[in-house]
1. List pairs: first residue in the range B:226-240 and of a type outside the set (Asp, Glu), second residue in a loop (DSSP other than H, G, I, E, B) anywhere in the structure, Cβ distance under 6 angstrom, at least six positions apart or on different chains.
2. Of the residues that make up the range B:274-295, is at least one over 28 Å from residue B:187 (Cα atoms) and either part of a loop (DSSP other than H, G, I, E, B) or of a type in the set (Gly, Ala, Ser) (or both)?
3. Which residues, counting only those in the range B:1-35, are among the small types (Gly, Ala, Ser) and either in a strand (DSSP E or B) or at positive phi (or both)?
4. So which of A:86, A:70, A:6 ends up being crowded, with 19+ Cβ neighbours inside 10 Å and either at pLDDT below 90 or part of a strand (DSSP E or B) (or both)?
5. Within the range B:84-93, identify whether any single residue is under 30 Å from residue B:195 (Cα atoms) and among the β-branched types (Val, Ile, Thr), and answer yes or no.
6. Within the bounds of the range B:172-189, is there any residue that is among the basic types (Lys, Arg), closer than 30 Å to residue B:134 by Cα and within 14 Å of chain A (Cβ to nearest Cβ)?
7. Of (1) on the phi > 0 side of the Ramachandran plot; (2) facing chain B (nearest Cβ under 9 Å); (3) at pLDDT below 90, residue A:49 satisfies all except one. Which?
8. Residues that are open to solvent by 40 Å² or more (accessible area, probe 1.4 Å): find the strands (runs of 3 or more DSSP E) completely inside the range B:197-264 holding 3 or more of those.
Amino acid sequence: MPVVLTVDPRSGVPIYLQVIEQVKRSVALGILAAGEQLPTVKQLALDLTINPNTVAKAYRELERDGVIETSPGRGSFVKSNGVADTTKSAARDVARDAFDAAIREAKSIGLGIADVRTLVAESISRWFTEEL
Amino acid sequence: MSTLTISHLRKTYGPYTAVNDLSFEVPEGCVFGLLGPNGAGKTTTFKCMLDLAQASSGSVLFNGHPLAPAAFEKIAYVPERSVLYDWMTVGEHVEMQRRAFASFDVKAVAELLAQFGIDQRKKARALSKGMRTATMVALAIARRADLLILDEPTSGLDPINQRHVLNLIINESARGATVIFSSHQIGQVERAAERIAVLDRGNLALEGSVDDLKAGRKIVEAIFPSESFSLDGIASDARIARLDRSGRIVRLLVTADANEFVTRLEALGGAGVRIVDLNLEDIFLYAVSPHDATADVVEGAAK
């Protein structure tokens, strides 16, 4: 299955971080399955029209984070041992970034800890109805 | 091996200094973007790299050695202005290159020209500005050079062919070639280049990896309850590249950890403190002197 990644080069977020975030998100969502092969560095660079070294840098960090593994000559694959762990930690990374952004925003517009806690609790009860 | 090292390069034309004390390195396999307003010295820098203009002082080393005639076999150059002969057909230009360079790939150039929709039987004079650029790019790519120096390689091309040229640059880099190119389209440089240098009136205003420049430069903005707020201890911080104060709002361009400045502005009574990411165009505009920057962006957008 072809990997669907998009980047916004005009964003202030470095492109390699966008690639890392999207691969993690794809793993967390199961779009990329365990053992699945990622595009080669050159192929992804051409697909997205971004610098190959930028892609290579993203792959290196994904490997260090235990999300993918690269075997020389064969390519890069979503790590197969401990898929559950990888998926869970990838999901955590994605969610953590979203929480961070939301809470930073809440703080910047003047909300205090108590307000933020209330909002988070409300959010949880809205989305986890069956578990409460 | 194809590392380019520029040290203290200076080029004067009479009383006019086109390039002043320019130093940077283009590592092997890197795509390097050279940015700058018109007249900033980009083309002069390219010419000095190739010995087409004699540097007034300083040096350009290719793999650690001054440029020797043998090195030209491994360097492909696309100048800013067309160097095609009006009376010759595209096919005759191909033949000329084939005879001149042993590594010239005739099959590749035929494919590239076809992709650009260029008929090899056409005389150069019958080509549009964009098609001349595309022809020169195709001839340069087919050289299978170790180092490509491309002065405005997307100039005059439609968006589809601009994207095609960017992918050719990426492909060259992926096979290990070093590419240095200039463009007024900052978005293109942001995509294809790993490192950039910004020239402003002949001086190096900024140099580094695009990712590092983005990660290391943030705007921290805060709103204060009244206009008479104090910025004690912040205003003099060397890590603030620029401070804009207007009414109750202050915007800092910081080159350090932005979170630290969020905390400090909040401690001084700032509210609504937020961190704003900068894209390459913002970074470029902050790096060059305001008058030139405005003129350049307007012209770049019109192209």
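1. Correct list of pairs: B:239/B:255; B:239/B:256.
2. If we filter the range B:274-295 for residues that are over 28 Å from residue B:187 (Cα atoms), which is where we start, we get none.
No, there is no match, as no residue in the range B:274-295 is over 28 Å from residue B:187 (Cα atoms) and either part of a loop (DSSP other than H, G, I, E, B) or of a type in the set (Gly, Ala, Ser) (or both).
3. Of all residues in the range B:1-35, those among the small types (Gly, Ala, Ser) come to B:2, B:7, B:14, B:18, B:23, B:29, B:33.
Selection gives B:7, B:14, B:18, B:23, B:29, B:33.
4. On the way: A:70 fails: crowded, with 19+ Cβ neighbours inside 10 Å; A:6 fails: crowded, with 19+ Cβ neighbours inside 10 Å.
The conditions single out A:86.
5. no
6. Our first condition is that a residue be among the basic types (Lys, Arg); within the range B:172-189, this holds for B:175.
Of the ones still in play, those that are also closer than 30 Å to residue B:134 by Cα are B:175.
Next, from what is left, pick out any that are within 14 Å of chain A (Cβ to nearest Cβ): B:175.
Yes: the range B:172-189 contains one or more residues that are among the basic types (Lys, Arg), closer than 30 Å to residue B:134 by Cα and within 14 Å of chain A (Cβ to nearest Cβ).
7. The single condition residue A:49 does not satisfy is (3).
8. Details: elements: B:203-209, B:218-223, B:240-246, B:249-254.
Here the list reads B:203-209, B:240-246.
The values are calculated or read from the model by the stated rules, or taken from the named source; none is laboratory data. Computed from a predicted model, the values in this text were never measured in an experiment. Note that we place each Cβ from the backbone using ideal geometry, even for glycine, and neighbour counts take in every protein chain shown. For accessibility, only protein heavy atoms count, side chains too; no ligands or nucleic acids. Shrake-Rupley method; radii C 1.70, N 1.55, O 1.52, S 1.80 Å.
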